[in-house]
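First up is the structure itself, then whatever we jot down about it.
The values are calculated or read from the model by the stated rules, or taken from the named source; none is laboratory data. Please read all numbers here as calculations on a predicted model, not as lab measurements. FYI the Cβ positions are ideal-geometry reconstructions off the backbone, even for glycines, and counts take in every protein chain you see. These area figures cover heavy atoms from the full protein model, side chains too; ligands, DNA and RNA do not enter into them. Shrake-Rupley method; radii C 1.70, N 1.55, O 1.52, S 1.80 Å.
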Amino acid sequence: MKLAFSTLGVPGLPVPEVLALATAHGYHGVELRAHPQEPVHPGLSPAERTETAALFKEAGIEVLGIAGYARVAAAGADAPVLAEIRDLLRLAHDLGAPFVRVFPGGDPDRPREESDALAAGRLGTAAEDAAALGVRILLETHDSHPTGAAALRVLGPVGHRQVGALWDVMHTWLGGEQPSDTYAALSPYLGYVQVKDIASAEDTVPLPLGSGVLPLTECVDVLCRHGWDGWLCWEYEKRWYESAAPLAGLLGAGRDHLLRLLGEAA
């Protein structure tokens, strides 16, 4: 498996410094949080996109994915959601990223079946744009659809190879789902896996990998047992928790921890 980290852990850090961290600590790729608060977002000019792609290529680091904030099950008109996804797809294409992350974002007061159908319809439409650009849209296990079983209710009806799943291990755990069950639900669709660690369900301040309660050993074990060889991406949520330790000082030990888990599971 290849290892990456998300720029959610290094808020606002310029791309050259992000790449220096990845290179220094042995990571193969970076997931880019696509937001105006960050150096990389859909508002970049063509020249800025070309420059960013060149920096990654020169460093030998891959752009794993563009982590967007489109909410495919959100109430309202389809057009703004689809436009947001298309902007993310074009950014991913220009940077050479294989994946775009979207959220479910369903209304908790709406019948579950309606949210599922809304998300599936939008993803099915966006899948054609994704295919044309050679990018895959990944629905993250998050908010209204935190488990593999919940995501499957959307992904199954879509039935398009350009639409898949992003497994966030914290949300499936918070949803009460075992790693083996998550993998069984998502394996036909799985793009990559976001790893992280926290102290408890009530205390979600990010911790160094291996120092919290999330079932990282079990997740890696089930992936290895089934021969899955994709990406593990450390999503350290420093952007949301100012009190969290800086990610830069944790990256080396985090990489070592993941390699240790992979070695033990092999």
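Brief remarks follow.
- Residue check, residue 165 at pLDDT 95 or above, surrounded by 23 or more Cβ atoms within 10 Å (Cβ to Cβ) and not hydroxyl-bearing (Ser, Thr, Tyr): yes
- Residues of the stretch 189-197 include at least one that is within 20 Å of the chain's Cα centre (by Cα) and free of Cβ contacts under 8 Å to residues at least 24 places away in the same chain.
- As a summary of the residue check, residue 143 satisfies the conditions (1) open to solvent by 20 Å² or more (accessible area, probe 1.4 Å); (2) in contact with a helix residue (DSSP H, G or I) (Cβ under 6 Å, 6 or more places away or on another chain) except for the one numbered (2).
- Some residue of the stretch 238-249 being acidic (Asp, Glu) and either open to solvent by less than 40 Å² (accessible area, probe 1.4 Å) or more than 19 Å from residue 61 (Cα to Cα) (or both): yes
- The residues of the stretch 186-205 that are among the small types (Gly, Ala, Ser) and surrounded by 15 or more Cβ atoms within 10 Å (Cβ to Cβ), listed by number, are 187, 191.
- For the stretch 206-232, the set of residues classified as open to solvent by 40 Å² or more (accessible area, probe 1.4 Å) and among the aliphatic types (A, V, I, L, M) consists of 207, 213, listed by residue number.
- Members of the stretch 113-127 that are touching a residue at least 12 places away in the same chain (Cβ under 8 Å), of a type outside the set (S, T, N, Q) and open to solvent by 10 Å² or more (accessible area, probe 1.4 Å): 116, 117, 118, 120, 121, 124
- Residues in the stretch 55-83 that are in contact (Cβ under 8 Å) with a residue 40 or more places away in the chain, within 15 Å of residue 130 (Cα to Cα) and open to solvent by 10 Å² or more (accessible area, probe 1.4 Å): 2 in all.
- Residue count, the stretch 40-76 (criterion: out of contact with any Ser or Thr (no Cβ under 9 Å at 6 or more places or on another chain), over 23 Å from residue 155 (Cβ atoms) and not in a helix (DSSP H, G or I)): 5
- Boolean, residue 17 is open to solvent by 70 Å² or more (accessible area, probe 1.4 Å), touching a Gly at 6+ places or on another chain (Cβ under 8 Å) and farther than 27 Å from residue 146 by Cβ: no
- Among the residues of the stretch 250-266, none is identified as more than 23 Å from residue 62 (Cβ to Cβ) and within 20 Å of the chain's Cα centre (by Cα).
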